[in-house]
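Peer 1: Supplied in structure tokens, the structure appears directly below.
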Amino acid sequence: TLFWLFVAGCVIGLAVETVFHAIVYGGLESRAGLVWGPFSPIYGVGAVVLTLFLNRFYHSHNLVIFLVAMVVGSVLEYVTSWGMEFFWGAVAWDYSGTFLSIDGRTNGMFMAMWGVLGVVWIKLCLPWMLKLVNLIPWNWRYAVTTVCAALMIVDGAMTLLSLDCWYQRMAGKPAETAMAQFFDRNFDNEYMQERFQSMSIDPSNATRAN
């Protein structure tokens with residue numbers, strides 16, 4: 001069930017962010033978070049984490065749910081941004097100079113949006129999603145979930161490897177291994193920039209041990 005909530009969060013979150021960006025900033029931009037498919041894993045993880053944290057507050061006042069979701073979502077957004085920059089010098093969003101900005105990784109507006117998303121998710125989306133998941137017959141559910149989870153894991157692994165090879169290319173390091181050469185051919189800079197249009201990579205900003 002948590003896996004399917006993750007998938008739903010990935011897809012719904014990507015759709016909402018794409019529409020939000022188109023309305024606020026104009027124009028369509030790829031906001032995908034994986035190399036294949038309409039998935040944004042930060043929202044998938046957010047859906048799972050919000051479910052685990054907020055389910056116990058289902059009967060609480062919406063303000064309580066809002067505040068808990070705001071904190072949980074903001075921490076997730078901050079940690080994700082920090083991790084991307086630490087490992088690859090990657091920046092997909094920067095809220096520096098905005099209201100209540102915290103190191104440019106989250107800000108007041110998006111804290112509030114996480115709060116609203118939490119209320120909408122736990123009160124409206126989650127009950128509907130659970131009913132939808134339960135439509136999958138039990139004799140099929142484990143097999144279907146296992147296959148789809150395996151595909152998602154492959155997608156995630158390919159994304160991490162692609163990002164790392166992109167980082168290595170931007171750092172001017174030659175592709176010495178067969179794996180690096182494979183990613184250079186199939187996931188070159190042009191592909192990665194087109195796929196992750198909101199992301200930029202600057203190896204000088206990465207602080208990991210190379």
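Peer 1: What is the log10 of I(q)/I(0) for the stretch 8-114, computed with the Debye formula using one identical point scatterer on each Cα and no solvent, at q = 0.16, 0.21, 0.22 Å⁻¹?
Peer 2: Normalising to I(0) and taking log10 leaves -0.79, -1.30, -1.38.
Peer 1: Could you give log10 I(q)/I(0) at q = 0.16, 0.24, 0.26 Å⁻¹ for the stretch 59-99, computed by the Debye formula over C-alpha point scatterers of equal weight, without solvent?
Peer 2: Log-scaled intensity ratios, in q order: -0.54, -0.83, -0.88.
Peer 1: Let me ask you something else. Based on Cα positions only, what radius of gyration and what Dmax would you give for the stretch 105-170, in angstroms?
Peer 2: In order Rg, Dmax, the Cα atoms of the stretch 105-170 give 18.1, 48 Å.
Peer 1: With N set to the number of residues, divide the alpha-carbon radius of gyration of the stretch 149-202 by 2.2 N^0.38 Å and report two decimals.
Peer 2: 1.13
Peer 1: Using DSSP H assignments, which helices in the chain have an axial alpha-carbon span of 27 Å or above and a mean Kyte-Doolittle hydropathy of 1.0 or higher?
Peer 2: The answer, listed by residue number, is 2-24, 62-88.
Peer 1: Which residue, chosen from Asn189, Trp138, Gly26, occupies the Cα position most advanced towards the positive end of the dipole of the chain, where the dipole is computed from +1 (Lys, Arg) and -1 (Asp, Glu) charges on Cβ about the Cα centre?
Peer 2: Trp138
Peer 1: Moving on to the next point. Assuming a viscosity of 1.306 mPa s and a temperature of 10 °C, what translational diffusion coefficient in µm² per second does Stokes-Einstein assign to the chain, Rh being the Kirkwood radius over Cα pairs?
Peer 2: Using the Kirkwood radius from Cα pairs, D works out to 86 µm²/s.
Peer 1: Please get the size of the charge dipole for the chain, origin at its Cα centre, with Cβ charges of +1 on Lys and Arg and -1 on Asp and Glu, quoted in debye to the nearest 20.
Peer 2: 760
Peer 1: For the chain, what does the helix formula give at 222 nm: sum of -39500 (n - 2.57) over DSSP H segments with n ≥ 4, over the residue count, nearest 500 deg cm²/dmol?
Peer 2: That calculation yields -21500 deg cm²/dmol at 222 nm.
Throughout, read-outs are computed from the coordinates displayed, never taken from laboratory work. Fair warning: this is a prediction, and the values are worked out from it, not measured in the lab. No Cβ is skipped: glycine too gets one built from the backbone with ideal geometry, and neighbour counts run over all protein chains shown.
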